[in-house]
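What follows is a short report on a single structure.
Computed from the coordinates by the stated procedures, all read-outs in this text should not be read as laboratory data. Predicted, not measured: the structure shown is a model, and the values here were computed from it. Every residue, glycine among them, receives a Cβ derived from its backbone with ideal geometry; neighbour counts consider all protein chains shown.
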Amino acid sequence: MVSGFGRVFWGRGLGVGRNFRLFFVFLTFSVELVPISHSTLITFPVQLSAKYGPVFTVYFGSKPIVVLCGHEAVKEALVDQAEEFSGRAHMPTVEKNFHGFGVVFANGERWRQLRRFSLTVLRNFGMGKKSIEERIQEEAQFLLEAFRETKGDSEIDQVIGQSRVPAIEDRSQMPYTDAVIHEIQRFSDLIPMDVPHIVTRDTQFRGYTIPQGTEIYPILSTVLRDPSKFKTPESFNPRNFLEEMGQFRKNDAFVPFSSGKRICLGEALARMELFLFFTTILQRFTLKPLMAPEDIDTKPLENGFAKIPPFYQLCVVPR
Ligand code: HEM
């Protein structure tokens, strides 16, 4: 995958025929060789996008990959042409274990059935005797036992207090906490290049024909940092999700779970867990860094398929 980014062809602005297939012939004359390492894997498409625009093609060996950058291009593909862009790319590194089974790597009718089945199971699980919310609340309480006792941040104190465990319906009354959690997910940008897709049929996109089976990389990172959608895309700022008067503001460029037909199947569960764990911990503890917050290095340890956050040391002070 890394060496795959080596040969780069493209040019929206090159003025060649607007047919994807023609590019390969013509563009062998305009090859760029770009050395990259795993630490520059994500900055690489960002740099190319600055030069060639939001949609371009790179070659992984001899395989063309269409890269989509920024909110508009990703939304046009994954949402407006959801069916066409809903295929999953063949990934040799995981194929050995999955053999095309499982929702994430399946395609066609098998994927449709597995996805429907998994969603039903998750929903039924939520409606069971002991709901998902109760299970997460219980887990969060176990987590607390690892630390132990007392108070938290003002919104948590006002809405939840100290006498009961946080519940998911508290979220709508806690816009600041909700904004902080959204900003953590936006800023940490866990899966920067999404899980690769393919187009399920010959597809017309922005005037180009993308042949069936072509791999598509929606660069979620560039959506989560799209300057046209966020006030301060490069810095951590919960105000990215708040109105002037402090109400929570939805943003359709918030895509850590991707979007369209392949959107993360566990989104609702993951968001519930994040809210309940986060509020349960802050209800009981104040988390203090061991150095000035501006000196904390947030650069990920690994920056490839997933961004692995660095290790932090912090003080967990009972409230
Ligand atoms: C913060 C946590 C999570 C993040 C950031 C995340 C993110 C993602 C992303 C980016 C994708 C790829 C979507 C695409 O192909 O465009 C995905 C797919 C998927 N996720 Fe998650 N995920 C999270 C948690 C979970 C959990 C808890 C579950 C299980 C309950 C889950 C199950 C899945 C499945 C089954 C798919 C494949 C969907 C498909 O191909 O149709 N995820 N996730």
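A few points about this structure:
- Ranked Cys69, Cys264, Cys315, criterion: other C-beta atoms within 10 Å, fewest first: Cys315, Cys264, Cys69
- If the chain linking Thr286 and Glu109 were pulled fully straight, counting 0.36 nm for each residue of separation and taking away their Cα-Cα distance, it would gain 58.8 nm.
- Above-threshold pairs, the threshold being 27 Å between Cα atoms, out of Lys63/Lys299; Lys229/Lys299; Lys63/Lys250: Lys63/Lys299; Lys63/Lys250
- FRET efficiency for the Arg164 to Phe101 pair, using the beta carbon distance and R₀ = 30 Å, is estimated at 0.10.
- Each residue of segment 70-87 was assigned a 3J(HN,Hα) from its phi angle through the Karplus expression (A = 6.51, B = -1.76, C = 1.60, θ = phi - 60°), giving x, 4, 4, 5, 5, 5, 4, 7, 6, 9, 5, 10, 4, 5, 4, 8, 8, x Hz with x at Gly and Pro.
- Residues whose amide H falls under 5 Å from that of Leu242, counting only those 5 or more places apart or on a different chain, are Arg249, with hydrogens built in the peptide plane.
- Sequence of Leu276, Leu290 once ranked by neighbouring C-beta atoms within 10 Å, starting from the fewest: Leu290, Leu276
- Stokes-Einstein diffusion coefficient of segment 151-299, Kirkwood radius over Cα pairs, 25 °C, 0.890 mPa s, in µm²/s: 139 µm²/s
- Of Lys75/Lys288; Lys51/Lys75; Lys51/Lys307, those spanning more than 31 Å from alpha-carbon to alpha-carbon: Lys75/Lys288
- Exposure proxy order (Cβ contacts within 10 Å, fewest to most) of His90, His99: His99, His90
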